[in-house]
1. Would you check which residues across the stretch 157-171 are crowded, with 20+ Cβ neighbours inside 10 Å and part of a loop (DSSP other than H, G, I, E, B) and list them?
2. Quick one: which residue in Gln153, Gln135 is under 22 Å from Asp260 (Cβ atoms) and buried (at least 20 other Cβ atoms within 10 Å of the Cβ)?
3. What tally of residues in the stretch 121-135 results from selecting those that are assigned to a loop (DSSP other than H, G, I, E, B) and of a type outside the set (A, V, I, L, M, F, W, C)?
4. Please go through the stretch 70-80 and give me each residue that is more than 16 Å from Gln135 (Cα to Cα) and not β-branched (Val, Ile, Thr), ordered by number.
5. Please work out which residue is modelled with the highest pLDDT, limiting yourself to the stretch 96-115 and to residues that are within 20 Å of the chain's Cα centre (by Cα) and within 22 Å of Val129 (Cβ to Cβ).
6. Which of the residues that make up the stretch 172-182 are more than 17 Å from Ser248 (Cα to Cα) and either assigned to a loop (DSSP other than H, G, I, E, B) or of a type in the set (A, V, I, L, M) (or both)?
7. Residues that are free of Cβ contacts under 8 Å to residues at least 12 places away in the same chain, farther than 22 Å from Val120 by Cα and outside any helix (DSSP H, G or I): does the stretch 10-20 have at least one?
8. Return the total of residues in the stretch 164-212 being in contact with a helix residue (DSSP H, G or I) (Cβ under 7 Å, 6 or more places away or on another chain) and more than 22 Å from Leu257 (Cα to Cα).
Amino acid sequence: MGSAISVSAYGGSKEAAHSLCVAACDAVQALDTRVLSKTASSSELYRLNHTDPAAFPVAVSSELFDALAETKAIYAHSGGKAALGCGALTSLWGMDTDEFRVPAQEEIDAARALCSDDTVQLDAENNTVFFAPGQELNLGSTGKGLGCDRAAQVLREAVDAGTITGGIVSVGGSIAAVGSSDGEGTSWRVGIRDPFGTANEYFATLTVGESFLSTSGSYEKQFTENGKTYHHILDLTTGYPAETQLVSVTIVAQTGLQSDALSTLCFLLGEEDSREVLELYNAQAVFVYADRTVSATASLRGSVELVNDAYTWR
């Protein structure tokens, strides 16, 4: 997934905790290489994207089908700004391989025409997938969250068995908090990265119980060409990186996939237009603006502590 994975387990023996951390990391890596990766030839999604269109519809595993279906359902609320079938455009910009470039306008126009989810058909009864020739499905904006889901499942089973009391998983900008560090239900305190700082600097902390968090920001993956900086969150209605006053959005949700997809979606929609979809998924959000002002959904604001004086509440 092009990201560092870290797992911490609390309680129980050192040997058991270490074994669980390794198992959780292995679960994320296996999910990527076996199911989700758009670029690894070993993955089911890669094979699906390279299937002869004459063979469609194609039956896929329940694991891949469910990921495709939920990602498509969430992005149906984007007004065309995001889509499961965005792969042609992300490939064009080099976002999948980090071989970045600014495409010509005619290339962007051609790729955009292949990014609508209207032509992506998912048959839940038969677990089959159909999409138009030239389209590419992409789970890059939900894969890290799905990885958190799988790793969290490993830790949750261990908590239920009494092997550990809890754990934290981090896959890039997505985090899963499971159980508690002391077995007494104590909340977790998670740092939110400073969009203007280094990878290890944070501007706020967020106190949460068992939950999933994801942050999407314009700082995460970017490149500069001819003096202009471009980030990786593409708006399918223009074919270019989203133009917004936001620099990051952090989501707290019930699953890793939801938190990951919603962080991208809310970055694209903006705070005001995000409210309805956040309510639909019973999710909460922290919005960070370019002027270093911060906003949060009402029920989450009391759990956010600004720890960098450069930031203020809106």
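The values are calculated or read from the model by the stated rules, or taken from the named source; none is laboratory data. None of the values given here were measured: they were computed from a predicted structure. In this analysis, Cβ positions are derived from the backbone assuming ideal geometry, glycine residues included, and neighbour counts consider all displayed protein chains.
1. Ile164, Thr165
2. Gln135
3. Of the residues in the stretch 121-135, 6 are assigned to a loop (DSSP other than H, G, I, E, B) and of a type outside the set (A, V, I, L, M, F, W, C).
4. Answer for the stretch 70-80, where residues must be more than 16 Å from Gln135 (Cα to Cα) and not β-branched (Val, Ile, Thr): Glu70, Ala73, Tyr75, Ala76, His77, Ser78, Gly79.
5. Cys115
6. Ala176, Ala177, Val178, Ser180, Ser181, Asp182
7. yes
8. Selection size over the stretch 164-212: 2.
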